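Since the structure comes first, as structure tokens, the remarks are kept for the end.
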Amino acid sequence: MATAAVLTGVGTPLELREDVEVEAPRAGEVRLRTGASGVCHSDLSVQNGTIPLPTPIVLGHEGAGIVEEVGEGVTRVAPGDHVVLSFVPNCGDCYFCTRGQGYLCEKSAMQLMGGLLDGTTRFSSAGAPLHQMAMCGTFSSETIVPEISCVKIPDDVPLKVAALIGCGVLTGVGAALNTADIHEGDTVAVLGCGGVGLNVIQAARIAGAAEVVAVDMFDSKLEMAEEFGATRRVKAGTDDPSSVITAATGGRLADTVFEVIGLEATMNQAMDLARQGGEVVLVGVPRMDVFLNLNAALTFLYMAKTVKGCWYGSTNVGEDVPKLLDLYRDGKLKLDELISREIGVGEVNEAFAAMEGGEVARSVINYEAG
Ligand code: PAD
Ligand code: ZN
């Protein structure tokens with residue numbers, strides 16, 4: 001039996017279930033003792049209906065743990081291995097994986113069905129099956145995942161830090177280092193300074209940005225943004241980002257603008273804050289009915305702007321996880337500082353409220369703390 005936080009319907013609080021049955025791993029699958037799971041905005045977005053997934057479902061997709069048992073044919077990992085979960089499985093063989101676009105792996109096609117690779121689930125509670133977010137389901141003390149969702153890491157990496165790598169760090173750092181094309185001395189603007197945005201900020205500095213303008217509606221987040229390397233702050237709703245960016249660039253506007261919130265208004269605003277020939281990187285996940293309001297001629301021809309969608313930091317997890325761990329060990333990437341609170345799996349609803357209230361960079365469920 002596992003203990004899990006379960007979403008039974010859109011708009012309802014998560015329920016703590018202590019009776020969750022976890023089937024044995026099938027071929028190509030792994031049983032994982034979850035060590036830790038971050039609480040990401042995408043989890044909240046499933047709860048509030050922004051991201052459509054079937055219910056009932058075990059949320060959680062930013063996790064790390066220890067392999068307990070492997071199914072038939074598993075070769076990538078063995079019992080006892082510590083792993084980061086990739087919220088996009090990475091088969092290594094498909095069209096996308098073989099051309100360096102592992103974040104689009106064809107094996108992720110079933111993800112919106114809320115099951116594993118074959119669409120079926122391994123969790124059940126009170127006799128009814130439970131779906132599983134992103135083939136992870138890390139709001140459960142134990143889970144079954146595809147082996148191709150596992151990235152082996154050294155045993156000495158704290159699992160609460162490893163968990164954050166699984167989504168917020170790979171996405172945010174990848175947005176700046178992989179998706180965007182930041183040059184030495186650039187001016188970058190980051191709209192939204194949460195768990196993902198703070199990683200965009202620190203990686204933009206690693207990429208050479210001289211100015212990073214942080215935009216958020218909470219002073220607490222803007223303070224965190226400065227700790228992560230932002231050089232200027234804009235309080236959304238009070239200050240005008242365009243005048244701050246204009247001042248930073250002699251009127252040219254930003255070389256690269258990242259939207260890391262997922263709102264229609266800020267996605268459109270991001271387009272306006274990029275300079276002629278500049279780029280906009282969309283990281284925040286909006287509702288399915290959001291459209292951008294762009295003038296084709298002005299935006300793309302006369303202003304020659306580029307818009308890039310950033311799915312999972314355009315990452316190839318096999319290469320990027322070790323790279324991020326090296327940066328962390330060298331003191332170049334702040335990861336411990338992302339953990340504002342350690343919580344139990346029964347406190348995810350409070351963690352959602354803390355996230356919406358601007359109180360935390362990340363809340364992390366620490367299963368190891370007992
Ligand atoms: P978060 O809630 O920790 O951070 C969002 C930040 O935006 C908070 O600091 C808010 O205060 C701030 N904010 C909200 N509204 C506004 C506004 N109108 N103006 C300025 N600031 C505002 O979320 P997160 O960092 O975990 O996730 C951010 C988004 O990224 C979210 O949409 C999530 O679903 C998405 C995401 N995308 C991927 C991907 O692969 N593209 C991966 C992971 C998360
Ligand atoms: Zn996430």
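General remarks:
- All positions within segment 91-113 that are buried (at least 24 other Cβ atoms within 10 Å of the Cβ) and either within 16 Å of ligand 2 (Cβ to nearest atom) or without any contact (Cβ under 8 Å) to a residue 24 or more places away in the chain (or both): TYR103, SER108
- Taking first residues from segment 157-177 that are within 12 Å of SER314 (Cα to Cα) and near ligand 1 (Cβ under 9 Å from one of its atoms) and partners that are hydroxyl-bearing (Ser, Thr, Tyr) and in a helix (DSSP H, G or I), the Cβ contacts under 6 Å between residues at least 6 apart in sequence or on separate chains come to THR171/TYR312; GLY174/SER314.
- Of all residue pairs spaced 6 or more apart or on separate chains, those with beta-carbon atoms under 9 Å, a first member in segment 62-80 that is under 22 Å from GLY38 (Cα atoms) and in contact (Cβ under 8 Å) with a residue 12 or more places away in the chain and a second member that is among the polar types (S, T, N, Q) and part of a loop (DSSP other than H, G, I, E, B) are GLU62/THR138; GLY63/THR138; ALA64/THR138; GLY65/THR138.
- Exactly one residue among LEU164, LEU170 is of a type outside the set (Gly, Ala, Ser), in contact with a Ser or Thr (Cβ under 7 Å, 6 or more places away or on another chain) and closer than 23 Å to CYS193 by Cα, and that residue is LEU170.
- Number of the exception - ALA210 against (1) under 24 Å from the mean Cα position of the chain (by Cα); (2) farther than 21 Å from MET303 by Cβ; (3) of a type outside the set (Lys, Arg): (1)
- Qualifying residue in segment 42-51 (condition: at pLDDT 95 or above and either closer than 22 Å to ASP320 by Cα or in contact with a Phe, Trp or Tyr (Cβ under 6 Å, 6 or more places away or on another chain) (or both)): yes
- Segment 190-203 residues that are part of a loop (DSSP other than H, G, I, E, B), paired with ones that are modelled with pLDDT of 95 or more (beta carbon under 6 Å, 6 or more apart): GLY192/VAL260; GLY192/ILE261; CYS193/ALA214; CYS193/ASP216; CYS193/LYS221; CYS193/ALA225
The values are calculated or read from the model by the stated rules, or taken from the named source; none is laboratory data. Keep in mind it's a predicted model, so treat the numbers as computed, not measured. Reconstructed Cβ throughout: ideal geometry from the backbone, glycine too, with neighbour counts over all protein chains shown.
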